Amino acid sequence: MRLPLYQIDAFTARRFGGNPAAVVPLAEWLPDATLQAIAAENNLSETAFLRREGEDYALRWFTPTVEVDLCGHATLASAFAVFRFLEPGRERVRFRTLKAGTLTVARQGELLAMDFPSRPPRPCALPAGLVAALRKAPATVLAARDLLAVYAREEDVADLAPDTAALAALDGHYAVIVTAPGTGEIDFVSRFFAPRQGIPEDPVTGSAHCTLIPYWAERLGRTALTARQISARVGDLRCELQGERVSIAGACALYLEGTITL
């Protein structure tokens, strides 16, 4: 069996930036163990598998170790693959997912815009071990699916060198988002650590912005925001709070076309 494979850098207009995702279109679903093995072999933060269902596509995401409930950059990359290779000229695509409902991605000029659920963070007790794991105390800690640690300055986030083994030992949450106000035209910056999922640091994380957007929209008093994830690869996102949904837009750059042999 031979399967097409696309590797796409998401949330960037240049190759070697943003967050690389593998996209694998399928004619039929393969066993979960096979999907997980492909994701482990790809060794990227996420591999997306999609299968045509009527006018829509079913979509699933796997890290090298687990299947996840929502992944932004691999959804953006999947839409890019649909628009570029599977159905050129299409302007909008809907993805049916197991846990995140139906997600829509549409062309928005040079960008692709995703319609995702909003996951506002709520006050929470300071998790034991978090400050020691981050190696710098945040000003505020909130929680949704992920923990959200808020710092005063962009430099605080940029300089963090957390103990990822200690972060992996924290119970109760998928991952840790760290964030701070941005500078210039950037409203806020962030980084994302998910070592329990096999991702010590994710370069650019669309799903984290389901929590970041409602937090910063409330804090800054406006719904349209520009964001930058300041990992080593750097990614830029155009964001908007739309009631109980968020719009997350970014560019994509194709890196690789290949074939998987099973």
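Just so it is clear, none of the values below were taken in a lab; they were calculated from the coordinates. Keep in mind the model is a prediction, meaning the values are calculated, not measured. We place every Cβ from the backbone using ideal geometry, glycine too, and count neighbours over all the protein chains shown.
Could you tell me the distance between the Cα centroids of segment 34-97 and segment 207-262, to the nearest Å? So the separation of the two Cα centres works out to 16 Å. With 26 Å as the cut-off, how large is the P(r) tail for segment 1-120, expressed as percent of Cα-Cα pairs? Looking at segment 1-120, the distances longer than 26 Å represent 12 percent of pairs.
Loop-located GluC sites (Glu not before Pro) in segment 137-216 (DSSP state not H, G, I, E or B) with no more than 16 neighbouring Cβ atoms inside 10 Å: Glu185.
Projected onto their three principal axes, the Cα atoms of segment 145-187 cover extents of 36, 22, 13 Å, largest first. Using the beta-carbon distance between Arg14 and Arg245 and R0 = 25 Å, what value does 1/(1 + (r/R0)^6) give for FRET efficiency, to the nearest 0.05? Calculated value: 0.30. Sites counted here are trypsin sites (Lys or Arg not before Pro) in a DSSP loop (not H, G, I, E or B) having no more than 11 other Cβ atoms within 10 Å; the longest part of the chain that contains none of them is 100-262.
Per-residue ellipticity at 222 nm from helix content only, as computed over the chain with -39500 (n - 2.57) for each DSSP H run of at least four residues, stands at -5000 deg cm²/dmol.
Applying 1/(1 + (r/R0)^6) with R0 = 35 Å to the Cβ-Cβ distance of Trp29 and Glu110, what FRET efficiency is obtained, to the nearest 0.05? Intermediate values should be presented prior to the final figure.
Details: r = 33 Å, r/R0 = 0.95.
Step by step, r from the Cβ atoms, then E = 0.60.
Placing a pseudo-label 7 Å from each Cα along the Cα-to-Cβ vector at Cys124 and Ala40 gives an inter-label distance of 2.9 nm.
Taking each pair of different alpha-carbon atoms in segment 122-243 once, compute 1/r for the pair, average those values, and report the inverse of that mean as the Kirkwood hydrodynamic radius in Å to one decimal. Show your work: numbers first, answer last.
Values: mean 1/r = 0.0701 Å⁻¹.
Taking the inverse mean of 1/r over all distinct Cα pairs, segment 122-243 comes out at 14.3 Å.
With each label modelled as a point 7 angstrom along the Cα→C-beta vector, the Leu98-Glu53 pair spans 1.2 nm. Working note: Karplus 6.51/-1.76/1.60 with θ = phi - 60° gives segment 86-101 the couplings 7, 9, x, x, 5, 9, 8, 9, 10, 10, 8, 10, 6, 10, 9, x Hz, where Gly and Pro are set to x.
Of the GluC sites (Glu not before Pro) found in segment 50-85, the ones in coil according to DSSP and having at most 12 other Cβ atoms within 10 Å of their Cβ are Glu55. In this label model, Arg153 and Lys136 are separated by 0.9 nm, measuring between points 7 Å along each Cα→Cβ vector. Three principal axis extents describe the C-alpha atoms of the chain; from largest down they are 51, 37, 31 Å.
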